[in-house]
Amino acid sequence: MLLKEIDEKTILEKNIIIQQSKLKLEELHLTQNKLFSIIAHDLRNPFNNIIGLSELLKENGMSEVESVEYIDLINSTAKNTLNLLDNLLNWAKSQTGQLSFIPEKIILSRFITEILWLKESRAKTKNISLKYAPTSDIVLYTDRNILGTILRNLISNAIKFTNQGGCIDILTTTSDNEVEISICDNGVGMSEETIRKIFDPSTTMTSLGTNSEGGSGLGLALCREFVKGLDGHLWVESEVGQGSNFKFILPLASEVLPSPISLNKEI
């Protein structure tokens with residue numbers, strides 16, 4: 001009887017392991033299918049735009065002003081496509097546990113300024129002003145690449161849904177052992193239903209921007225996962241027609257650098 005119970009327990013444990021492995025394989029399969037479908041849809045379109053615009057540039061009779069306009073469009077499309085590709089790769093890594101957290105010392109004001117410089121040309125195409133006035137040198141010990149991905153996505157998203165001539169404010173405040181970073185725009189805003197959907201990676205919700213800009217629908221869900229992986233919290237305050245304010249909190253620098261960990265464990 002004892003041997004029979006042990007055998008039954010062993011079989012049950014093995015069945016549980018098999019079921020868990022099966023679920024993981026199914027999730028990986030769904031992730032791969034989703035990734036390929038997004039690549040097929042969202043990367044083909046901007047590349048077709050770049051090809052079409054570059055072919056127009058080759059035609060004779062185009063004025064210098066028109067040429068500059070088309071070059072700016074090609075440049076903007078290429079940058080947006082690169083940002084999309086980064087999102088896809090980071091999202092795929094986060095789903096398969098391949099993305100690691102490697103902390104380093106970061107002066108937040110300098111880091112945000114660098115990100116804004118990268119986004120300046122895109123904002124100019126819509127005559128949107130990016131405002132940031134750091135109040136102090138805030139120091140973080142965090143992963144540079146992951147934090148950069150979060151900021152680039154949130155700022156790009158704000159530009160996407162802000163109208164021509166709009167304004168985006170980036171604010172940083174500290175309290176206790178935390179820093180709060182806010183990306184606030186005066187764009188189209190969102191309903192409560194939309195807010196619920198944009199953070200759900202299973203829905204892959206996409207909306208056109210104020211200049212009909214497209215997207216993969218992964219950016220905000222990716223940001224939430226990454227902020228959580230950095231021991232932080234991300235949320236949004238928004239009303240339709242009143243703009244959106246995306247905020248996230250991260251822990252401030254400590255004296256001792258934490259050991260590199262797998263971000264996937266924190267998600």
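The values are calculated or read from the model by the stated rules, or taken from the named source; none is laboratory data. Just so it is clear, the model here is predicted, and its values are computed rather than measured. Don't worry about glycine lacking a Cβ; one is built from the backbone with ideal geometry, like all the others, and counts go over all protein chains shown. Note: accessible area is taken over every heavy atom of the protein model, side chains too, but ligands, DNA and RNA are not part of it. Shrake-Rupley method; radii C 1.70, N 1.55, O 1.52, S 1.80 Å.
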Lone qualifier among Ile74, Ile18, Ile51, Ile38 - being modelled with pLDDT of 80 or more and surrounded by 16 or more Cβ atoms within 10 Å (Cβ to Cβ): Ile74
Residue match in segment 137-147 (condition: over 27 Å from Ser100 (Cα atoms) and at pLDDT 90 or above): no
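Taking into account only those residues within segment 126-146 that are in a loop (DSSP other than H, G, I, E, B) and in contact (Cβ under 8 Å) with a residue 60 or more places away in the chain, which is nearest to Asp176 (Cα to Cα)?
Here is the first cut: in segment 126-146, the ones in a loop (DSSP other than H, G, I, E, B) are 126-128, 133-138, 143.
Right, trim to in contact (Cβ under 8 Å) with a residue 60 or more places away in the chain and you get 126, 138, 143.
On the way: Lys126: 38, Ile138: 13, Asp143: 21 Å.
Selected residue: Ile138.
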Tally, over segment 147-194, of residues that are open to solvent by 40 Å² or more (accessible area, probe 1.4 Å), in contact (Cβ under 8 Å) with a residue 24 or more places away in the chain and part of a helix (DSSP H, G or I): 1
Only listed residue being within 30 Å of Lys24 (Cβ to Cβ), open to solvent by 30 Å² or more (accessible area, probe 1.4 Å) and basic (Lys, Arg), chosen from Lys93, Lys105: Lys93
Residue match in segment 3-14 (condition: loosely packed, with under 15 Cβ neighbours inside 10 Å, at pLDDT below 80 and within 30 Å of Tyr132 (Cα to Cα)): no
The one condition in (1) farther than 16 Å from Leu220 by Cβ; (2) in a helix (DSSP H, G or I); (3) in contact with a strand residue (DSSP E or B) (Cβ under 7 Å, 6 or more places away or on another chain); (4) in contact (Cβ under 8 Å) with a residue 24 or more places away in the chain that Leu85 fails to fulfil: (3)
